[in-house]
């Protein structure tokens, strides 16, 4: 590598291009390691159970789309899917609005040691969900939230995600040049207006990152969703529905993989759609200088 | 300025917390009332009956249904016909989640009405009074469905909490084709020495095939069976189960050494790492003909035979677990699946009615048709394979050293075999500590 | 850190401060209430519980510090905390290095490719643990596992191992898999941090004739230090929360060699009904994590750059 570095400095343009190619090759090699689980799940979803056990790595002999049909018909995937979408949308909007407000206020108010307070709040969640949920469940039960559809689920998701999201957003709020905000205030534009007109457009990429991370959590959480929907057969999200595919004596892996593919495809689509905002964030950053 | 903001935030937080804590506090009150209803079963009983008769909707939640098992949907259809006013919500049973979900719901004062659990492992719910005593409801007519003494397994201090529905015990699925190739004659029952000899023969004659495979969580079953079998008399065994014989007793140590030897000699698939094979790995290896014998449970046998037939091994047989018994202790470990009603159940009568159906002749017959072994007076029907999956059901001994305390139980079941292999001395010490702690607690 | 520079400016707008404070508090309210409801109260409840004996039913019995004194003599449980620390340490370092490298490499590629690679590397995060666990169990299997077969194909039989079964290896393996799974998230955060650097800084570097390595060393790394610091703290916390990954891959085995603190807590609470003791383990564990995060932050502390 070190000799290459020297070469790069001598012939800048071609050297830079070589480096890009080297990076490309490394990334492509790593891609195999990172994409393999999806390919594995997708391939498995087209097999039947005996085929799966007789050679785990083999390609499916024929494409058994029956697993997908079964997943939809026996697993009530459609209904669960809708529930998951509702929970995810409400939670994400809630998390985003509340965390943006909180992180903005924290940055502007300059309350001392906010970072430490936030970190402690965040780190307190190290207690496994299992021990947090008993008191939370008692609270929800007392307040009568338990018998409402969706409400207990997204309240908890929003509450749990706020500290982490606020930390990330605050970190990026601090990179917004102070002069921009100060200038806005001399102009007399209100705090809320300056938040929406000046700061948020600069924060697009950070907000997307937070949204993607939270979506990931909200879409995949199991324990709390399972406990709060324990007494009802309504409002059950996908993750809980997936349990219907995991048997004790034997798990029908191909069917489970089909169900999982159905669960993660929407995440992929959202992720791909969001990609363009990361680029948008980059150009917006250019304004700053 | 900043200080005032801080104060305000602090005050607001304190207020919110006080509110929340008050809510938690009042949670405790309701819990005691829930426990109260358990004592006054008679009172709830009356309330339940009037509710049931008036045709009002009764909501019930069950955690018993397992995926890919045909008879549960039939049960729920039937229950709908029998009790049209019951609205039953069926939740999927998942062993890893049951204790968490039921106990969390219990703490919140919400009740689940029927839960599937293991009658011989009710300690986990009983030491915090979370299971309802079913004895008052069990009349002679209801009891007559079970074979003699079958209810004992879910009975603690004379009170029956959990009703057994299937008999489960370990056995071996054998790939007979491979055994014949290795020149081993398969018998229905093996002594320990015969089993070891068979392993040795397979290893020498078929170098590519491993004599046996066992999944990670089942390795402890070797020890558990040994603990039942190595005694000269039943009295001695019961003494051990009561915790009065040390784990350092030479018979116990000798048995554990013999078991560990199987792994030292590399009979277990895949040699190094034999304690860490998941169910899927073992099944895959068995399906691929890499192992000759697979340790299994009796109620998984039928499915395994079908899978092996599809994979091209039509000649699969299920035989008994090799026994170490020299004296009168011809026992195997085993247990049951069963149903219990949590102590804070609000519609006890409705739950009992559902339970009565689930343990009726009709329900048991449906289970038998699918290859389950049931502890009930129901004929096996025309399922000809059923015999080999029920052979040892009369040998099942329901009490084990594991019941001394949940800590000891978990250790023996999940950690003992591997820990003994890696570090014999400290494992023996740990076992002794757990045994003494359990005795001290009693 | 930059407070000193803005302080005189603040005095000038004294009138506005009141309004600013009001809005600030208004903005903080919903977050405060929800966090109190979902995190602080449960944690306080856990603290109270850790001083009590409670079997999940009936009243709690105050026992003082008994649970804590018991914990410090309970070697098997202390061992599980040690295992957690080990996995967290190894996986944090692995994830951070991998995540930062990936972010820097992706930054160097074009827009479309970048989008593709970001998607690919974030992918393990999306995969449910059950499937990832199943896959890795088979990849790492001693007999027919992909990894051992690759080694065999390369003629490196001496490198073959029972990755999830050998006492000295199982924790390393779990840590690396956990690190791999988390690296996509770190990559995203670091990448977002790099995006926030003004282009003008790069342009001036280009004029100076700096190559990418120099750019990374002189511009990117110093400027994203606050981001790295934040991500590091979060990663330390995430890496301690190793429940699913261990549970799906080894269930704490072989024996109890890879049992981590969360597993032993859940067992204490839900199998043995020792909710008080479980809370005590949880709190001691949380304090250890907080100390780790504190140490990490102190090590990385630096002045914030203004640009």
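The values are calculated or read from the model by the stated rules, or taken from the named source; none is laboratory data. Just so it is clear, the model here is predicted, and its values are computed rather than measured. No Cβ is skipped: glycine too gets one built from the backbone with ideal geometry, and neighbour counts run over all protein chains shown.
Give me a count of the residues in the range C:1-18 that are in a helix (DSSP H, G or I), surrounded by 13 or more Cβ atoms within 10 Å (Cβ to Cβ) and either modelled with pLDDT of 90 or more or facing another protein chain (nearest Cβ under 7 Å) (or both).
Taking the range C:1-18 as the starting set, the residues that turn out to be in a helix (DSSP H, G or I) are C:3-12, C:14-18.
Those left that are additionally surrounded by 13 or more Cβ atoms within 10 Å (Cβ to Cβ): C:10, C:16-17.
Of the ones still in play, those that are also either modelled with pLDDT of 90 or more or facing another protein chain (nearest Cβ under 7 Å) (or both) are C:16-17.
Residues that pass the stated criteria total 2.
If the condition is being more than 7 Å from chain A (Cβ to nearest Cβ) and either within 18 Å of the chain's Cα centre (by Cα) or farther than 28 Å from residue A:211 by Cβ (or both), then the range C:186-208 contributes C:186, C:187, C:190, C:191, C:193, C:203, C:204, C:205, C:206, C:207, C:208.
Answer yes or no: is there a residue in the range C:148-164 that is within 27 Å of residue A:242 (Cα to Cα), within 14 Å of chain B (Cβ to nearest Cβ) and buried (at least 19 other Cβ atoms within 10 Å of the Cβ). Yes: one or more hits.
Starting from residues that are more than 8 Å from every other protein chain (Cβ to nearest Cβ) and surrounded by fewer than 22 Cβ atoms within 10 Å (Cβ to Cβ), keep the ones in the range C:28-59 and report whichever is nearest to residue A:161 (Cα to Cα). Write out each step before concluding.
So in the range C:28-59, the residues more than 8 Å from every other protein chain (Cβ to nearest Cβ) come out as C:47-54.
From the residues that got through so far, the ones that are surrounded by fewer than 22 Cβ atoms within 10 Å (Cβ to Cβ) too are C:47-48, C:51-53.
On the way: C:47: 22, C:48: 24, C:51: 28, C:52: 29, C:53: 31 Å.
My answer is C:47.
Among the residues of the range A:42-70, those that are in contact (Cβ under 8 Å) with a residue 24 or more places away in the chain and assigned to a loop (DSSP other than H, G, I, E, B) comprise A:45, A:46, A:47, A:48, A:64. Among the residues of the range B:306-320, those identified as in contact with a strand residue (DSSP E or B) (Cβ under 8 Å, 6 or more places away or on another chain) and either away from chain A (no Cβ under 14 Å) or part of a loop (DSSP other than H, G, I, E, B) (or both) are B:313, B:315, B:317, B:318, B:319, B:320. Taken together, A:73, A:131, A:107 contain a single residue that is more than 7 Å from chain C (Cβ to nearest Cβ), surrounded by 21 or more Cβ atoms within 10 Å (Cβ to Cβ) and either assigned to a helix (DSSP H, G or I) or touching a helix residue (DSSP H, G or I) at 6+ places or on another chain (Cβ under 6 Å) (or both), which is A:107. Say whether the condition of being at pLDDT below 80, within 12 Å of chain C (Cβ to nearest Cβ) and touching a helix residue (DSSP H, G or I) at 6+ places or on another chain (Cβ under 7 Å) is met by at least one residue in the range A:238-245. Taking every residue of the range A:238-245 in turn, at least one turns out to be at pLDDT below 80, within 12 Å of chain C (Cβ to nearest Cβ) and touching a helix residue (DSSP H, G or I) at 6+ places or on another chain (Cβ under 7 Å).
If only residues of the range A:134-153 that are surrounded by fewer than 21 Cβ atoms within 10 Å (Cβ to Cβ) and in a helix (DSSP H, G or I) are counted, the one that is nearest to the other protein chains (Cβ to nearest Cβ) is A:142.
Which ranges mark the helices (runs of 4 or more DSSP H) fully within the range B:336-415 that have 1 or more residues being touching a strand residue (DSSP E or B) at 6+ places or on another chain (Cβ under 8 Å)?
Working: elements: B:348-358, B:361-369, B:406-410.
Answer list for the range B:336-415: B:348-358, B:361-369.
Being buried (at least 19 other Cβ atoms within 10 Å of the Cβ) and assigned to a loop (DSSP other than H, G, I, E, B) narrows it down to one of B:247, B:275, B:240, so name that one. Exactly one of B:247, B:275, B:240 is buried (at least 19 other Cβ atoms within 10 Å of the Cβ) and assigned to a loop (DSSP other than H, G, I, E, B), namely B:247. Can you pull out every residue in the range C:153-173 that is part of a helix (DSSP H, G or I), over 21 Å from residue B:217 (Cα atoms) and in contact with a helix residue (DSSP H, G or I) (Cβ under 9 Å, 6 or more places away or on another chain)? Listed by number, the residues that qualify are C:157, C:158, C:159, C:172.
Within the range B:321-334, is there a residue that is in a helix (DSSP H, G or I) and surrounded by 22 or more Cβ atoms within 10 Å (Cβ to Cβ)? Steps first, answer last, please.
Within the range B:321-334, the first condition is being in a helix (DSSP H, G or I), and the residues that meet it are none.
Within the range B:321-334, none of the residues are in a helix (DSSP H, G or I) and surrounded by 22 or more Cβ atoms within 10 Å (Cβ to Cβ).
With respect to residue C:252, determine if the residue is surrounded by fewer than 23 Cβ atoms within 10 Å (Cβ to Cβ) and closer than 26 Å to residue C:170 by Cα.
Numbers: surrounded by fewer than 23 Cβ atoms within 10 Å (Cβ to Cβ): yes; closer than 26 Å to residue C:170 by Cα: yes.
So residue C:252 fits the description; yes.
Sort out which residues of the range A:193-244 are part of a helix (DSSP H, G or I) and in contact with a strand residue (DSSP E or B) (Cβ under 6 Å, 6 or more places away or on another chain), and write them in order of number. Break it down stepwise before answering.
So in the range A:193-244, the residues part of a helix (DSSP H, G or I) come out as A:193-202, A:204-220, A:223-228, A:238-244.
A:243, A:244 - these are the residues of the range A:193-244 that are part of a helix (DSSP H, G or I) and in contact with a strand residue (DSSP E or B) (Cβ under 6 Å, 6 or more places away or on another chain).
Taking the range B:387-413 as the range and being more than 23 Å from residue B:325 (Cα to Cα) and touching a residue at least 24 places away in the same chain (Cβ under 8 Å) as the test, the residues that pass are B:405, B:406, B:407, B:408. Once the range C:82-112 is narrowed to residues that are surrounded by fewer than 21 Cβ atoms within 10 Å (Cβ to Cβ) and at the interface with another protein chain (Cβ under 7 Å from one of its Cβ atoms), the residue that is farthest from residue C:258 (Cα to Cα) is C:111. Elements of the type helices (runs of 4 or more DSSP H) sitting completely within the range C:211-307 and holding at least 3 residues that are within 14 Å of chain B (Cβ to nearest Cβ): these cover C:244-249, C:261-266, C:275-300.
Among the residues of the range B:196-214, those that are in a loop (DSSP other than H, G, I, E, B) and surrounded by 14 or more Cβ atoms within 10 Å (Cβ to Cβ) comprise B:206, B:209, B:214.
What about residue C:176, is it buried (at least 24 other Cβ atoms within 10 Å of the Cβ) and in contact with a helix residue (DSSP H, G or I) (Cβ under 9 Å, 6 or more places away or on another chain)? Judged against the criteria, residue C:176 is not a match.
Yes or no: the range C:130-146 includes at least one residue that is within 16 Å of the chain's Cα centre (by Cα), part of a helix (DSSP H, G or I) and in contact (Cβ under 8 Å) with a residue 40 or more places away in the chain. Can you show your working first?
Going residue by residue through the range C:130-146, those that are within 16 Å of the chain's Cα centre (by Cα) are none.
Looking for residues that are within 16 Å of the chain's Cα centre (by Cα), part of a helix (DSSP H, G or I) and in contact (Cβ under 8 Å) with a residue 40 or more places away in the chain, one finds none in the range C:130-146, hence no.
From A:26, A:87, A:95, A:35, grab the single residue that is modelled with pLDDT of 85 or more, in contact with a helix residue (DSSP H, G or I) (Cβ under 7 Å, 6 or more places away or on another chain) and loosely packed, with under 14 Cβ neighbours inside 10 Å. Explain how you work it out, then say what you get.
Working: A:87 fails: loosely packed, with under 14 Cβ neighbours inside 10 Å; A:95 fails: loosely packed, with under 14 Cβ neighbours inside 10 Å; A:35 fails: loosely packed, with under 14 Cβ neighbours inside 10 Å.
From the options A:26, A:87, A:95, A:35, the qualifying one is A:26.
Being touching a strand residue (DSSP E or B) at 6+ places or on another chain (Cβ under 7 Å) and within 11 Å of chain C (Cβ to nearest Cβ) is the filter; apply it to the range B:122-153 and report the residue that is surrounded by the fewest Cβ atoms within 10 Å (Cβ to Cβ).
Taking the range B:122-153 first, the residues touching a strand residue (DSSP E or B) at 6+ places or on another chain (Cβ under 7 Å) are B:122, B:125-126, B:130-135, B:138, B:145-147, B:150-151, B:153.
Filter once more, keeping what is within 11 Å of chain C (Cβ to nearest Cβ): B:125-126, B:130-131.
Numbers: B:125: 26, B:126: 19, B:130: 28, B:131: 24.
Ranking the qualifying residues of the range B:122-153, first place goes to B:126.
Within the set B:240, B:227, the sole residue that is touching a residue at least 40 places away in the same chain (Cβ under 8 Å), more than 17 Å from residue B:417 (Cα to Cα) and assigned by TED's automatic domain parsing to the domain that holds residue B:325 turns out to be B:240.
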